[in-house]
Amino acid sequence: MTKLTFVFMALASVLRLIPHPFGITPFCATGLFAGTQLNKWKAPLYMMLGLAIGDAIIGFYDFRVLGFVYIGFLLCPIIGRLLLSADATNTRLAGVVVINATVFFIVSNIGNWWAFHPHTLEGLVTNYINGLPYYAAAIIGDLFYSLLIFRGFQLLSPLAAAKQKTVSS
């Protein structure tokens, strides 16, 4: 099923290249999924590779922000590996998506605060308050894409296995 995981990861990378309101992409959802499918080194490595290729195409931005965004994305497959399985229930998946979105929100916004706000408690609070609409959108988008990816995998896995068995025969 590794090939199917790579297909999902490649698709997430491509979808990141098109305009996405409020930063909603399938990237975190794909990271969670990759964490359940790939070994502990491949999932984060391929996430970073997909991000770097995408940013090379769409353009890099302030590296103070970019670094923390990459750390946030790097944590997605780690969280997926620790807290999920490919056949997780919808309730479990939703809970982990909220945890993941929260971790990503906290980590990625540190860079935004560092780059664009005063380094005071007021600046930090303002930064996180300004990010709340993106946090809410991330939860909704990650829930949608996670359900799509995890349930799509459940539907496509038997088909891929049957095709592999036919080719092997």
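The values are calculated or read from the model by the stated rules, or taken from the named source; none is laboratory data. Everything numeric here is computed off the predicted structure, so don't read it as measured data. FYI the Cβ positions are ideal-geometry reconstructions off the backbone, even for glycines, and counts take in every protein chain you see.
Quick look at the numbers
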item: Any pair with Cβ under 6 angstrom, 6 or more apart, that starts in segment 96-124 at a residue that is in contact (Cβ under 8 Å) with a residue 12 or more places away in the chain and ends at one that is assigned to a helix (DSSP H, G or I) and of a type in the set (K, R); result: G111/R64; W114/R64; A115/R64
item: Residues of segment 6-63 satisfying the condition of being among the polar types (S, T, N, Q), in contact (Cβ under 8 Å) with a residue 40 or more places away in the chain and under 19 Å from L83 (Cβ atoms); result: T30, T36, Q37
item: Residue ID - surrounded by the most Cβ atoms within 10 Å (Cβ to Cβ), chosen from residues in segment 22-48 that are in a loop (DSSP other than H, G, I, E, B) and of a type in the set (A, V, I, L, M); result: L38
item: Selection from segment 64-88 of residues that are modelled with pLDDT under 85 and either of a type in the set (S, T, N, Q) or part of a helix (DSSP H, G or I) (or both); result: S85
item: Pick from segment 140-160, criterion surrounded by fewer than 17 Cβ atoms within 10 Å (Cβ to Cβ) and either of a type in the set (D, E, K, R) or closer than 12 Å to G23 by Cβ (or both), ranking: modelled with the highest pLDDT; result: I140
